[in-house]
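Before any comments, here is the structure.
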Amino acid sequence: NGARFTGKVFNLKMWDDLSGVREYRCFINGEWVLAEFDGKSATLSIKLSQVPAADKDLELKVFLTDACGNAREQTFAIRR
C-alpha cells in the first residue's frame, strides 16, 4: 500500500488454491480498468497507461470470485 509504480504494468499475485479464479474486476478511484489474469502465473496485470498520474494515493479495488462463488474485495493505495 502506498507504493509508487513507475513501470508500464502493475502486477498483483492472486489465486485460489481449490476451485480457481472465476471472475475478477478492478477499479481505480471508482473507474473500471481493464485487467488481465494469467492463471498459470496467478498474476493480475493492469497497464499503467490506464492509471492517472497523481501526487496523491489512488484507490485500487480488486474484486475476486472463485469457481464456487466465494467473493473477496481488497483495496490498495497506489501512487503513479
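Summing charges over all other residues whose Cβ lies under 11 Å from the Cβ of residue 25, with Lys and Arg as +1 and Asp and Glu as -1, gives -1.
Our coupling estimate for the range 30-36, obtained by passing each phi through the Karplus curve with A = 6.51, B = -1.76, C = 1.60 and θ = phi - 60°, is x, 9, 4, 10, 5, 10, 10 Hz, Gly and Pro reported as x.
Taking every alpha-carbon pair under 8 Å whose residues sit at least 6 apart, the chain reaches a relative contact order of 39 percent.
Proximity of backbone amide H atoms, modeled 1.01 Å from N, is registered between residue 21 and 16 at under 5 Å, excluding neighbours fewer than 5 places apart on the same chain. Can you bin the chain into rounded, prolate or oblate? Criterion: square roots of the alpha carbon gyration tensor eigenvalues sorted a ≥ b ≥ c, rounded for a/c under 1.5, prolate for a/b above b/c, oblate for the rest. Prolate shape, in that a/c is at least 1.5 and a/b is the bigger ratio.
Counting charges near residue 67 (Lys, Arg +1; Asp, Glu -1) among other residues having Cβ under 14 Å from its Cβ returns a value of -2.
FYI, it's all coordinate maths here, none of it is from the lab. This is a predicted model, so every value here is computed, not measured. FYI the Cβ positions are ideal-geometry reconstructions off the backbone, even for glycines, and counts take in every protein chain you see.
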